[in-house]
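Here the structure is laid out as structure tokens; the discussion comes afterwards.
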Amino acid sequence: MSRTRIIVIIAAALVVTALFAKNAVQKGGAQEQEAYKRIVPVSGFVLEAAPFKRTISESGTLEGRRESIIAAETGGQVERIYVEVGDHVKTGQALLKLDDRLLELEAERALVAFDKAKLDFERVEKLKAEGSISQSEYEGARLALKGAEVQYEYARKMHEDATVRAPFSGTIARKMTEIGQMIERGMPAFHVVDNEQLKLNLAVSESQVADVAVGAPVTVFVEALHDSFPATVNAVGERATSGARTFPVEVTVDAHDGLKAGMFARARIFAGVDSASLVVPRAATLPDVGRTVVFVARGDKADKRIINILGTSGDHLAVAGVAAGDTIIVTGNQLLSQGTLLSLSLQ
């Protein structure tokens, strides 16, 4: 073989070797970049036991401390209406008056009969003292006087009932009649609400009601006002609601500007303090096929842990299923699965 041919073969071999080396370098770089892409940057914190203030969250609709549908106690035609929706009324204030002319005359007739019965009884008493009448005649006069008194009191009450009055101080929430309308006894006329103090009726599960105490502080958030108000547990039911396995809990809220009966509210009831609990932010938890999980950093990999929620307080949860010293991942946890490589920074 000539010297020139040998040189050409050697040169070709060097070119092929260089090309293979270049491809290997490029492939290794791509693999390194792909491996880098699989590392998820996350942040978290080292879990430590700490005191935890437990709360119970429920929702309901605000009601007046007292609410009443005011109905007429006698029938007749509406002659006058003294109030409108939104008016504040005091106890005993007249709300409505029926045409009471016949009732007034009946009360006057009954009064005349009562006065006559009194005079008759006074004469009978004198005759009885003189021994001029029998005991039965005396008893007849006494019973006649009593009957006349009852008739008068009944007629007077019917006449008074022609004016419908407020049973307590409050606000007219609804008016259900108009001037000229004929109403019957027992027909609703007004809805009066006492807004000086509001109440919120809640349903607390049987697993939590033991932690609710009368007088416990409550925070009530009213969505319509975008504001929170202090409140207090006023009563805890002694019997579960039939079929619901929940217990009624009544919370009272003092009056505030804009706070009205009928508004939707969310209550957070103070349920005690645990001296040492494992507490994680709500953002660290994730739903997982009907379970709740968190991710813990084990070296450079993510480890999924199933947890049980023992209590809540705002955006924090007391949990079981993790241990003090675990690094709980909070930011970036939604991108993780079991064994995902991590790039961890501690908060």
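All of the numbers you see were taken from the coordinates with simple rules; none came from a lab. Computed from a predicted model, the values in this text were never measured in an experiment. Using ideal geometry, Cβ is built from the backbone for each residue, glycine included, and neighbour counts are taken over all protein chains shown.
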Placed amide H near GLY311: partners under 5 Å, 5+ positions off or other chain: ALA318
Other-chain or far-sequence residues with amide H under 5 Å of ARG165's (modelled H): LEU95
For the chain, which DSSP H helices look membrane-span-like by this rule: Cα extent along the axis of 18 Å or more and mean Kyte-Doolittle of at least 1.6? none
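If we count every other residue with Cβ under 15 angstrom of GLY170's Cβ, Lys/Arg +1 and Asp/Glu -1, where does the sum land?
Details: positive: ARG65, ARG66, LYS90, ARG165, ARG174, LYS175, LYS199, LYS260; negative: GLU63, GLU67, GLU84, ASP87, ASP194, GLU196.
Computed value for this residue: +2.
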In whole Å, how far is the Cα centre of segment 171-225 from that of segment 307-345? 42
Residues with amide H under 5 Å from that of ARG66, placed H, sequence gap 5 or more: ASP194
Ranking request for peptides 174-183, 236-245, 112-121, 58-67: highest mean number of other beta-carbon atoms within 10 Å first, then the rest in descending order. 58-67, 112-121, 174-183, 236-245
Separation between the ALA320 and VAL112 pseudo-spin-labels, each 7 Å from Cα along Cα→Cβ, expressed in nm? 8.5
R0 = 56 Å: FRET efficiency of LEU344 with ARG66, Cβ-based, nearest 0.05? 0.45
Filter the cross-link list LYS199/LYS260; LYS116/LYS146; LYS97/LYS175; LYS53/LYS199 down to pairs whose alpha-carbon distance in this structure exceeds 20 Å. LYS53/LYS199
